[in-house]
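Heads up, the thing below is written out as structure tokens.
Quick note: the coordinates plus some simple rules give every number you see, no bench work behind them. Worth saying up front: this structure is predicted, and the values here are computed from it rather than measured. So basically every Cβ, Gly included, is an ideal-geometry build from the backbone, and we count neighbours across all protein chains shown.
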Protein chains: 2
Amino acid sequence: MTHDVAFLDALSLDGRVETDRETLEAYSHDESPHPPSLPDAVVHAASTDDVSAVLAACEERGVPVTPRSGGSSIEGNPIPTAGGVLLDTFPMDDVEVHAADRLAIAEPGVVYDDLNDVLAEYGLRFAPGIAAGDRATVGGMVANDASGLNAVKYGVTGDHVRRLTVVLADGRVLRFGRDVAKSASGYRLKDLLVGSEGTLGVVTEVALSLEPVPKTRRAALAAFPTRGAAGEAVAHVMASRLTPGAIEYLDADAVALLNETNDAGLPEAPHVLVELHGTTDAGVETDLDVVRDACTDAECESFETASETEIDRLWAARRDVYPAACDYREDATVAFIGDVVVPVSRYPEIVERAAALADDLGIAAPCVGHAGDGNLHFLPIADLDDEDEFGRAMELNDRMVRAAIEMGGTSTGEHGVGVGKREFMREEHDGAVDVMRDLKETLDPAGILNPGKVLPEE
Amino acid sequence: MTHDVAFLDALSLDGRVETDRETLEAYSHDESPHPPSLPDAVVHAASTDDVSAVLAACEERGVPVTPRSGGSSIEGNPIPTAGGVLLDTFPMDDVEVHAADRLAIAEPGVVYDDLNDVLAEYGLRFAPGIAAGDRATVGGMVANDASGLNAVKYGVTGDHVRRLTVVLADGRVLRFGRDVAKSASGYRLKDLLVGSEGTLGVVTEVALSLEPVPKTRRAALAAFPTRGAAGEAVAHVMASRLTPGAIEYLDADAVALLNETNDAGLPEAPHVLVELHGTTDAGVETDLDVVRDACTDAECESFETASETEIDRLWAARRDVYPAACDYREDATVAFIGDVVVPVSRYPEIVERAAALADDLGIAAPCVGHAGDGNLHFLPIADLDDEDEFGRAMELNDRMVRAAIEMGGTSTGEHGVGVGKREFMREEHDGAVDVMRDLKETLDPAGILNPGKVLPEE
């Protein structure tokens, strides 16, 4: 579907408008395998006023607008499936730090790691701990309610949002929330925008709550005889009176990949990696004992601790699992990154289920996950050009999502719905989907904002 | 305004319907001085089905429904100002604990302290730390997004809500959210309902995230030469890499009340009370040093530490400030509890402003506050029958709220909007109020749910 976007030239924007083929192609996809789709124009917004002018003009004409910042999403969230305008907020990347208020005011194009580099000077950080921090932006994180390694202790992106500046579909610029630690004043509109993936409004500024950088960190790495035993260790830790800074699950396949790329020399068995944050060495040592007991109770085969410097090496290795999985087989790659959440008490069950289903479908699928939140990622390896194999990988996704929903879980913990999880929305949320649709119609009556995302087709 | 409620008799409810004068009067007010208003009937709901049946029948007839659970609110939030049905969810008080998932499923009538008594057996707690915990209910806390002493570390009620069962105005029963630690699936409807004070739907079940009970607690109590110095100490603590479990401000008047009722023998000067939570004694001792430094930097005149047993005595004394203030003068009482929030960096300014404005108006107004969140409560003493004095107390509220909003703060940190803060909504939220109104019309088109609350009159 193409749209006439000549009207953009008449807007006096601070940012550039591009319509050349190369640019349109560059903005036709995210990092997912979901089919690309060309926009008719890319607008590089330089200001909230730009965003407002573009939205008002597009709404008047019924031209779709797909907002995007970093484009590192993996559910097709910013693919302009209906064409129209791709509204790029990546150029908006100002940061203001109010250290005394533990507050940062960031524009949507600010990259997570860059923000934390700035904040480190103040002993502060924005704490969800996203894995793609080198390219994920504040705008995308708010849009998808993203999170990662450290959410188990510090919460997800939405838990950190104090106030948003939002441009509505009709161009109105509004502030949702206040730049304070808490408020019981009126509806929590900011929280409705968080995770709405640009379908209800475009966020142009975010006031974020910050956490102090932990004074002391220590880690433990334990190997287990079975996936279920590793899952049990996770459940034991979370049932203790301890909240780790991070607690990751890696199955034997993931550990094998880690060994390959990092010469880690680990036993090829399921592992649990725990990071502890505290104010004193003595405190984290005590916590380490709790973790050791939990792992021993789950019959771990090894238990090693890591110092502050070793921890960063471990996480760097953990981050290499994904690229290594992409190279797992010469003729194949990671078809997509699965992302489900279950109650943590059922983590042992979901990790076993993942393996059984993958086996059943004849698909290799290394698993990792932010286990303390009950979050499991599976990385099915497939030849994308092999329709049968790719189909089986997709079937694994279907079955895993349905298994997670059946266990009381959710179809996506971190990546959002995008185009990839739409079909599961009704199954997961039942009648609440109708309410979502009503709210969408209220805030975007012309339906121009990121159409074809989040809400299922009727 | 009276409504014909005879139709209620035809509904087959599990709970009772009452229309006798005594009952109507008992449910005509909350704990605030806002004018009472009689409902036409009180329905004591015994189940979600009851709530659904009542709402469907009332919507059909355009009869207002005001939900209420504990009735301990102090902004008139559950006063049935438009008459109709007072829907009492207090009888619904089941609790289910899933300790391994750090999850409690509670009905709206569960009292905060009772819930925490049950949870203590599992080493867990629901952590916002509300002051009126002996009568505040889960339903009311969700409706007002309530919080208290411990929100500075653990967040407000909304931060703990994983899933709500909600009955919409038309009687539909829906689940918003999932019983897991996190989900990026669809709009965060649960967060829209939190703090909506029964104007968007009636909550009949809440899945709450729990925190481990802290292993070690220690407290410090410091006296300061001026209010501003005490405020500086708070700002210093919050600018350190430490997040206290609680950090309270008390001005000299509040301390005098505390001395009177508790023989506390404290110097009649502004105080800051800090509670620290940790996993080891050594850890909290280190944190205590940070607090001592912050207080010394702010030129404290005394600094004393308290053990675990002494802490509870201190908090009990702190809770006595309000009843003592009510008896401050024989012919007067606390006119209302003021509740504003500012950025914590401006806490020194707001505490001085409170004193100056009260002086200016010739009103005594002891101040306390959950200072780490920038939250200040002021307790103006007035003879409620003395129009002039009560008027000056209300004027103090006006000026304080406007001062807080001007400093970037909010008109209410904990108590909600109710009828008391409606007039400030436009000033605080500007155009976002129109969006709130649009959402209200979408979810409650007949306008039956708690009319006359939250949204300002046009």
Cα-centred dipole magnitude for the protein assembly as shown, charges only on beta-carbon of K, R (+1) and D, E (-1), debye, nearest 20: 0 debye
Please report the net charge: other residues with Cβ closer than 12 Å to the Cβ of A:ALA294, K and R +1, D and E -1. -4
Nearest-first distances (nm) between copies at A:SER307, label 7 Å from Cα via Cβ: 3.8
Binned at 10 Å starting from 0, the alpha-carbon pair-distance distribution of region A:95-212 in whole percents comes out as 15, 50, 30, 4, 0
List the Cys residues of the protein assembly as shown that have no partner Cys with a C-beta closer than 4.7 Å. A:CYS58, A:CYS326, A:CYS367, B:CYS58, B:CYS326, B:CYS367
Under 8 Å for C-alpha pairs, at least 6 residues apart: give me the relative contact order for chain A, rounded to a whole percent. 16 percent
Using only helices, what value at 222 nm comes out for chain B when you add -39,500 (n - 2.57) per DSSP H run of length 4 or more and divide by the total residues, to the nearest 500 deg cm²/dmol? -10000 deg cm²/dmol
Suppose R0 equals 56 Å; then what is the FRET efficiency for B:ASP320 and A:GLU406 from their Cβ-Cβ distance, rounded to the nearest 0.05? 0.65
Rounding to the nearest 10 and keeping the result within 0 to 90°, find how far the Cα-based axis of helix B:387-406 lies from the longest principal axis of chain B. 80 degrees
Two-site label geometry, B:ARG241 and A:ARG292: point separation in nm, points 7 Å out along Cα→Cβ: 2.5 nm
On a C-alpha basis, how far is the centre of region A:278-336 from the centre of region B:172-209 in Å? Whole number, if you could? 34 Å
With the cut-off at 28 Å, tell me which of the pairs A:LYS182/B:LYS190; A:LYS190/A:LYS453; A:LYS453/B:LYS153; B:LYS182/B:LYS421; A:LYS453/B:LYS440 have Cα atoms farther apart than that. A:LYS453/B:LYS153; B:LYS182/B:LYS421
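Between A:SER12 and A:GLU299, what length comes free when the chain is fully extended (0.36 nm per residue of separation minus the Cα-Cα distance, one decimal in nm)?
Taking A:SER12 through A:GLU299 to full extension adds about 96.7 nm, to one decimal.
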Quick one: with label points 7 Å out along Cα→Cβ, list the inter-copy distances for B:ARG319 in nm, shortest first? 4.8
Place a point 7 Å from Cα of A:ASN259 in the direction of its Cβ. Which residues in region A:329-359 have their backbone N less than 18 Å from it? A:329
Which of A:SER209, A:SER69 has the fewest Cβ neighbours within 10 Å, and the rest in rising order: A:SER209, A:SER69
Residues in region A:68-89 reached by a label modelled at A:ALA46 [backbone nitrogen below 18 Å; 7 Å Cα→Cβ]: A:87-89
Within 10 Å, count the other beta carbons around each residue, average over each peptide in B:106-116, A:372-382, A:300-310, and list them highest first. A:372-382, B:106-116, A:300-310
Taking the Cα atoms only, what angle lies between the long axis of helix A:432-443 and the longest principal axis of chain A, rounded to 10 degrees? 30 degrees
Applying 1/(1 + (r/R0)^6) with R0 = 56 Å to the Cβ-Cβ distance of A:ASP385 and B:MET1, what FRET efficiency is obtained, to the nearest 0.05? 0.20
Treating the angle as unsigned and between 0 and 90°, give the value, to the nearest 10°, between the Cα long axis of helix A:48-61 and the longest Cα principal axis of chain A. 60 degrees
What number, in percent, do you get for the relative contact order of region A:260-388 if the mean sequence gap of Cα pairs under 8 Å and at least 6 apart is divided by its residue count? 23 percent
One finds the C-alpha centres of region B:105-121 and region B:13-39 to be spaced, in Å, by 25 Å
What FRET efficiency do you get for A:ASP113 and A:ARG426 if R0 is 35 Å and r is their Cβ-Cβ distance, rounded to the nearest 0.05? 0.45
Ascending list, in nanometres, of distances separating the B:ARG241 label from those of the other copies (7 Å, Cα toward Cβ): 2.6
